[in-house]
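Visitor: Sharing a structure here in structure tokens format.
Values in this text are rule-based calculations from the coordinates and carry no lab data. Since the model is a prediction, treat every value here as computed from it, not as a measurement. FYI the Cβ positions are ideal-geometry reconstructions off the backbone, even for glycines, and counts take in every protein chain you see.
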Amino acid sequence: MRRIIHHIVLLLVAGLLGTGCSKKLERLYNDPDQLTTARVEKLFTEMLNNYRIRPSYWEMRTFVVMHSGIYSQTVGFLNTPGVYLQNPSYTESRWNDFYRPVGSGTGTMALYREMQKIHRDLPASDKDKASLFLNAAKVIFYDQACQMVDLWGDIPFTEAGSLNASGEAKMAKFDNAADIYKEAIEQLKALNAYFAALAPDPATANLFRTQDILLNGNLQKWQRYANALRLRLLMRISHVNETYAKVQVTELLANKEINPLLSEEADYNVEQEDILLAPLADNTLDLRFALTELTNYSAPQYLLEEVLLPAADPRIPVLFDKYGVSTGAGFVPNEEYRALPVKWSLEQQQVNLGKFAILDSATFIFNPHIPGILMTAAEVSFLKAEAYLRWGGGDPDTYYDLGMRQSTRFYYYLNRLNSSFKKPEPKPNPEAMEAFLQNENVQLTGTAEDKYRKIAIQRWVHFGLLQSNQAWAELRRTGYPKLEFRVNSQPQAPLPPRRLLYPGNEVTYNVNYVAVRDKDKTYFPIFWQVR
């Protein structure tokens, strides 16, 4: 019975009510010496401090390098038996961490529902002040909920957290994935107007700035984040509901003053203008063990050899090390960048590992300063390029070019964050950058489909390892790049899936699972996947 309540009925507010975490949260968020609204503000901060957003060891080791990174080929991997199988324990952990708090900001659903309940019961004099925290939290809530949709499809949503929200215990139904996206898009549009019109009193603004560990209380950045997320979601559904997406995107992009987005400058300030969750000040952890324990540090073949090298891409030095082999004479570095062949047998890969490039040590492997990435200017530019290519209203070449420049700047920024470990790579000079953008492999030329392919591939490149969940989603949506995989010996998963399977506890205990049982197949597409 406890498992039923834990997994379904509470839908995942057990960390708030009746577990060891509840005592911690009670101390943090129910201090009788503070105003009632303080509970909302502190839940908001807890919601932001999410190790599923930051590239934590657990997120990278148990989810990215075992699932989305492999399925999107944004990490190198060995062709071990069952390499494409989903680890049910780890995918269930990823599911649970959205619904219930276990520490470090997980439990987005539970935290948000608790904020809603507190806000609902506040006296009128406190509601407006608390609304700022609730509405900012709403942006994160819809961002994370739609990422759950991208992984699983239909999920418990409107009734999830019902005990927290209404006091009524019920098993939550699975909401239609397309309906969740539609709600998110409409709510984000309303939030744009909300943040634009808001003028909080100085005390509330100061309190918000103190608690906002993501954007430091900058309301315009919250507005930009909401708009950028809305653009992402609209483009993701644009092949299945093109008429709606076209109208909404055209309206969004037509007026930059009403709908501000992220920077349109090539030499922009990454730290100040992208939507990044900085690591905690005392963080010393890096991705070394997450990437090396399963030997997922090799350069992905298609990324390096089919996209970057033919174009002499200036991002190569900050994305990869050439690596080398150890011999009796010492370490012998490789002379050139080469990638571990993705279709080699396991035995071939294992004996030749050192002969191929690996992820850059300063940028990725030993970098404790990598932020959580929620939205970047480069992604927004590539989305604009696609929208203008398909529907007009702007110049796709301009925004494609801008996205390339911004992506390059972004990865050199990540490399510089670890300057104490290794001297940062020098930025590409203007001549090298121009030559890169004029390379025939990069230029936005050819048919409309050729141009679409190039935009899609460069967006996939930009997402890379650190946003592999987005890379996998866009790969499935656009059909690009056309990746090849070695067929695995395990008959249950000879090739990568199109979606994750529902967790075992959800299948066993949620009586509403019957409504989605026929969709619970690895080959069943997410609703936006039609190409």
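Visitor: If the viscosity is 1.002 mPa s and the temperature 20 °C, what Stokes-Einstein diffusion coefficient in µm²/s follows for segment 407-531 when Rh is the Kirkwood radius over Cα pairs?
Guide: 117
Visitor: Filter the GluC sites (Glu not before Pro) in segment 254-292 down to the DSSP loop ones having no more than 12 other Cβ atoms within 10 Å, then list what survives.
Guide: Within segment 254-292, the qualifying GluC sites (Glu not before Pro) (loop, at most 12 other Cβ atoms within 10 Å) are Glu257.
Visitor: Further question: Of the listed pairs Lys42/Lys127; Lys482/Lys519; Lys182/Lys246; Lys182/Lys454; Lys138/Lys246; Lys246/Lys451, which have alpha-carbon separations greater than 20 Å here?
Guide: Lys482/Lys519; Lys182/Lys454; Lys138/Lys246, as the Cα separations exceed 20 Å there.
Visitor: For segment 449-511, what percent of Cα pairs sit more than 14 Å apart?
Guide: Looking at segment 449-511, the distances longer than 14 Å represent 67 percent of pairs.
Visitor: Between Val325 and Glu186, what's the calculated FRET efficiency when r is the beta-carbon distance and R0 is 51 Å? Round to 0.05.
Guide: 0.35
Visitor: Let me ask something else. Hand me the GluC sites (Glu not before Pro) from segment 330-374 located in a DSSP loop with no more than 16 other Cβ atoms within 10 Å, in residue order please.
Guide: Of the GluC sites (Glu not before Pro), the ones in loops of segment 330-374 whose Cβ has at most 16 other Cβ atoms within 10 Å are Glu335, Glu336.
Visitor: Please compute one quarter of the surface area of the Cα convex hull for segment 290-365 and express it in square nanometres.
Guide: For segment 290-365, the mean projected area of the Cα convex hull comes to 5.5 nm².
Visitor: Rounded, prolate or oblate: which fits segment 155-265, taking a ≥ b ≥ c as square roots of the Cα gyration tensor eigenvalues, rounded meaning a/c under 1.5, else prolate when a/b beats b/c?
Guide: Oblate, because a/c is 1.5 or more while a/b does not exceed b/c.
Visitor: For the chain, take the longest principal axis of its alpha carbons; what is the angle in degrees between that and the long axis of helix 177-197, to the nearest 10 within 0 to 90?
Guide: 80
Visitor: Which of the listed residues, Phe356, Gly392, Pro371, is farthest toward the dipole's positive end in segment 343-400, when Lys, Arg count +1 and Asp, Glu count -1 at the beta-carbon?
Guide: Of the candidates, Phe356 comes out farthest on the positive side.
Visitor: Only Cα pairs under 8 Å and at least 6 apart count here; give the relative contact order of the chain as a rounded whole percent.
Guide: Normalised by residue count, the contact order of the chain is 21 percent.
Visitor: While we're on this one: Go through segment 138-231 and name the GluC sites (Glu not before Pro) that are in a DSSP coil and have 11 or fewer other Cβ atoms within 10 Å of their Cβ.
Guide: Here the sparse-neighbourhood loop sites are Glu168.
Visitor: With viscosity set to 0.692 mPa s at 37 °C, what whole-number translational diffusion coefficient in µm²/s follows for segment 80-165 from Stokes-Einstein and a Kirkwood radius over Cα pairs?
Guide: After rounding, the answer is 227 µm²/s.
Visitor: Let me ask something additional. Could you tell me the convex hull volume per residue, in Å³, taken over the Cα atoms of the chain?
Guide: For the chain, the hull spanned by Cα atoms encloses 157 Å³ per residue.
Visitor: If one computes P(r) from the Cα atoms of segment 243-355, what percent of pairs lie at distances over 25 Å?
Guide: Tail of the P(r) past 25 Å holds 52 percent of the pairs.
Visitor: Taking θ = phi - 60°, what integer Hz values does the Karplus form 6.51 cos²θ - 1.76 cosθ + 1.60 yield along segment 454-465, in sequence order, with x for Gly and Pro?
Guide: Going residue by residue, I get 5, 5, 4, 5, 5, 5, 4, 4, 4, 4, x, 4 Hz, with x marking Gly and Pro.
Visitor: On a 0 to 90° scale, report how tilted helix 124-152 is relative to the longest principal axis of the chain, with both axes built from alpha carbons and the result rounded to the nearest 10.
Guide: Here the helix axis deviates by roughly 40 degrees.
Visitor: Nearest 10 degrees, 0 to 90: what angle lies between the long axis of helix 396-416 and the longest principal axis of the chain (Cα atoms)?
Guide: Result, in degrees: 90.
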